[in-house]
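Working notes, structure below.
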Amino acid sequence: MLQSNLFYKTTKQPPKDAETISHKLLVQAGFIDQLAAGIYTLLPLAFRVYKKIEDIIRDEMNKASGQEFSMPTLQPKKLWQETGRWNTIDPPLFITKDRHKKELALGPTHEEVITKLVREHVSSYKNLPLYLYQIQNKFRNEMRSTGGLLRVREFMMKDLYSFHTDEKDLDKYYNIMLRAYQSIYKRCGVKAVNVEASSGSIGGEESQEFMVLAENGEDTIKLCQKCGYAGNIEIVKVKICPKCRAKLDKKKAIEAGHIFKLGTMYSEKMKALYKDINGNNKPIVMGCYGIGLGRLLATIVEASNDEKGIIWPKEVAPFQAHLISLDNKKAQAVYSKLTGAGIDVLYDDREDVSAGQKFAEADLIGIPTRLVVSDKTGDRVEIKNRDNKKTELISPEEIIKKL
């Protein structure tokens, strides 16, 4: 990609209302644009990161036997009345009416929809277990949308729902999801701690949040440095670890995912039943597992940045390398070699921009590897990692091997 063609714009100053590092940097580096409070456009740089996060999540869900599909955004009122959540869910629903005066909600979550679907398609224990997921837009009617992509009113979420004959089978799959989520965060370059959590308006018997430690995090967790136990401050009221009796430390964190053992809460209310081996009707046992993709994108920035800008982990970076030209003729030859080898490169080919501005923008955008071609580099290329000050001169062929 030629940087002269890239649709982006950097700014020297962050938005006046920006409270979080990710909000400031994603706007300044030309990744996102605000349309209204809590509503953002993902510009090409951010969309590239988003797609890589999406691919990682999809890969891990497929490994866990998930089947991908897509449910509607518009949801009829009568479904929400079956569970009693039409007037009780927090934040409240975005509600609209069609031309027949029937009320519909813009889906903030899909428990009602998926339960209706499964009760119509599952009749026997032979149809279970079942694992269905989607990556789809959600709408949350937040009172105060702040923090950039960390708290929004429209966003993309991966939600997987699992369906089982009993609690034992749910427990088994819940642990599979725990490991899948840990793999997702590791691949995205962040360290997430899974903590005991409140199930909130989703409900269910048990839930765990995945928290990424961050100074500006909106959540507080209590963490045991001795045995690793962790819990959200909402449910952990004590100062001593309930597992090993060591002291619990308070840490600020960002919620980057949430999983729930729903049990039979929805299936009983909505009469989603299956016949067991003896022909008896029983409620389907359910689990729910969610990750907000834009929120995870912002969380990565919160966890990986410095005073100059973003530092993207390699697997989710918008490009593999950022090639900066101070000699366009030689740089074009290097760019051709790299792209010919299948390396995804952002090539700063701009001739009317100073070297200082190019370097500053490269640091702000945060692509993991910076390459510089100038009259001083000769037939070699200066290479530098974004998270390191060390530079070295190597040949284009060596760069290809490295990347």
Counting only residues in region 86-132 that are in a loop (DSSP other than H, G, I, E, B) and either of a type in the set (A, V, I, L, M, F, W, C) or touching a His at 6+ places or on another chain (Cβ under 8 Å) (or both), the one surrounded by the most Cβ atoms within 10 Å (Cβ to Cβ) is identified as Leu93
Open item on the list: For the structure I just gave you, tell me whether Thr96 is more than 30 Å from Ala214 (Cα to Cα) and in contact with a Leu (Cβ under 9 Å, 6 or more places away or on another chain).
Closed with: yes
Leu45 vs (1) outside any loop (DSSP other than H, G, I, E, B); (2) at pLDDT below 95: all pass except (2)
Answer with yes or no whether Asn137 is under 18 Å from Gln75 (Cβ atoms) and free of Cβ contacts under 8 Å to residues at least 60 places away in the same chain.
no
Q.
For the structure I just gave you, tell me whether Lys271 is surrounded by fewer than 23 Cβ atoms within 10 Å (Cβ to Cβ) and closer than 28 Å to Asp348 by Cβ.
A. no
Restricting attention to region 20-42, the residues that are assigned to a loop (DSSP other than H, G, I, E, B), within 17 Å of the chain's Cα centre (by Cα) and at negative phi number exactly 2
Counting only strands (runs of 3 or more DSSP E) entirely within region 176-293, those with at least 1 residues that are more than 27 Å from His110 (Cα to Cα) are 206-213, 219-224, 230-232, 248-263
Selection from region 227-244 of residues out of contact with any Cys (no Cβ under 9 Å at 6 or more places or on another chain) and charged (D, E, K, R) yields Glu234, Lys237, Lys239
Residue check for Leu323: part of a strand (DSSP E or B) and either among the charged types (D, E, K, R) or assigned by TED's automatic domain parsing to the domain that holds Val372 (or both)
yes
Picked from region 1-29 (must be of a type outside the set (A, V, I, L, M, F, W, C) and touching a Ser or Thr at 6+ places or on another chain (Cβ under 7 Å)), the residue nearest to Arg48 (Cα to Cα) is Gln28
Taking region 11-37 and keeping residues basic (Lys, Arg) and surrounded by 17 or more Cβ atoms within 10 Å (Cβ to Cβ) leaves Lys24
Is region 379-398 home to any residue that is surrounded by 15 or more Cβ atoms within 10 Å (Cβ to Cβ) and in a helix (DSSP H, G or I)?
yes
When (1) within 14 Å of Leu293 (Cβ to Cβ); (2) surrounded by 19 or more Cβ atoms within 10 Å (Cβ to Cβ) are applied to Asp55, the one that fails is (2)
Quick one: is Ala298 in a helix (DSSP H, G or I) and surrounded by fewer than 22 Cβ atoms within 10 Å (Cβ to Cβ)?
-> no
When (1) crowded, with 16+ Cβ neighbours inside 10 Å; (2) basic (Lys, Arg); (3) in contact (Cβ under 8 Å) with a residue 60 or more places away in the chain are applied to Lys314, the one that fails is (1)
It is to be established whether one or more residues within region 142-151 are surrounded by fewer than 18 Cβ atoms within 10 Å (Cβ to Cβ), assigned by TED's automatic domain parsing to the domain that holds Gly84, free of Cβ contacts under 8 Å to residues at least 60 places away in the same chain and closer than 18 Å to Tyr289 by Cα. no
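Here's the yes/no breakdown for (1) surrounded by 20 or more Cβ atoms within 10 Å (Cβ to Cβ); (2) within 27 Å of Glu54 (Cα to Cα); (3) modelled with pLDDT under 95; (4) touching a strand residue (DSSP E or B) at 6+ places or on another chain (Cβ under 7 Å):
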position: Glu206; (1), (2), (3), (4): no, yes, yes, yes
position: Glu215; (1), (2), (3), (4): no, yes, yes, yes
position: Cys227; (1), (2), (3), (4): no, no, yes, no
position: Glu234; (1), (2), (3), (4): no, no, yes, no
position: Gly257; (1), (2), (3), (4): yes, yes, no, yes
Output for Cβ contacts, cut-off 7 Å, separation at least six or different chains, first residue within 30 Å of Asn232 (Cβ to Cβ) in region 254-283, second part of a strand (DSSP E or B) and of a type in the set (Phe, Trp, Tyr), reads Ala256/Phe210; Gly257/Phe210; Ile259/Tyr289
*Please tell me if Lys168 is modelled with pLDDT of 90 or more, under 17 Å from the mean Cα position of the chain (by Cα) and outside any loop (DSSP other than H, G, I, E, B).*
no
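The values are calculated or read from the model by the stated rules, or taken from the named source; none is laboratory data. Every value quoted in this text rests on a predicted model; they were computed, and no experiment measured them. Heads up, the Cβs are rebuilt from the backbone with ideal geometry, glycines too, and the neighbour counts pull from every protein chain shown.
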